[in-house]
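Working notes, structure below.
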Amino acid sequence: MKALTWQGRGKISCETVPDPKIEHGRDVIIKVTACAICGSDLHLMGGFMPTMECGDVLGHETMGEVIEVGRDNAKLKVGDRIVVPFTICCGECRQCKWGNWSCCERTNPNGAMQAKVFGYPLAGLFGFSHLTGGIPGGQAEYLRVPYADVGPIVV
Ligand SMILES: [Zn+2]
Ligand SMILES: [Zn+2]
């Protein structure tokens, strides 16, 4: 698929990258129909956010149509149109139960690295450095949405 990728400070380019696949049972894959370019993408472009890597796919304000559903995801079905929040939440951990969605303890695989910087690990985020999980973003033709039975909103 084609995707917008970070190639170094000040350099964003459209590249061919591997299509996303279902990795966990609660994932869905969407065909992206719209994705914003956010002001905070400028922080990435300007090199102000550490742990960006060459080839990272950007984009954290995405909507699209579900084309594939993981076997443990009972909420979404193929053909649903969803809006995908920036924050990825499990819905089950202590912070999610308290409603502190952006502090989800399970969705950032690099939480330990982030805790060193911010004092506490935060949730995984789409397209926003490896500190926030290194999760590919939605400025792309397709997007894997982890824990897609919690955050996304059907429209
Ligand atoms: Zn944003
Ligand atoms: Zn959680």
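Read-outs: derived from the displayed coordinates by stated rules, not from any lab. These numbers were taken from a predicted model, which means no experiment stands behind them. Note that we place each Cβ from the backbone using ideal geometry, even for glycine, and neighbour counts take in every protein chain shown.
Before moving on, here are some points about what is shown:
- The listed residues are VAL28, VAL83, and the only one of them that is out of contact with any helix residue (DSSP H, G or I) (no Cβ under 9 Å at 6 or more places or on another chain) and closer than 15 Å to ARG144 by Cβ turns out to be VAL28.
Here is a yes/no grid of residues against (1) aliphatic (A, V, I, L, M); (2) over 25 Å from CYS38 (Cα atoms):
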residue: MET63; (1), (2): yes, no
residue: VAL69; (1), (2): yes, yes
residue: VAL84; (1), (2): yes, no
residue: GLN95; (1), (2): no, yes
residue: GLY111; (1), (2): no, no
residue: PHE118; (1), (2): no, no
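- Hits in region 95-123 (condition: in contact with a Pro (Cβ under 9 Å, 6 or more places away or on another chain), in contact (Cβ under 8 Å) with a residue 24 or more places away in the chain and farther than 13 Å from THR51 by Cβ): TRP101, THR107
- Selection within region 15-40: residues that are under 22 Å from CYS89 (Cβ atoms) and without any contact (Cβ under 8 Å) to a residue 40 or more places away in the chain. The member of this set that is nearest to ligand 1 (Cβ to nearest atom) is CYS38.
- Filtered residues of region 124-149 (kept if assigned to a strand (DSSP E or B) and either of a type outside the set (Gly, Ala, Ser) or free of Cβ contacts under 8 Å to residues at least 12 places away in the same chain (or both)): LEU125, PHE126, ILE135, TYR142, LEU143, ARG144, VAL145
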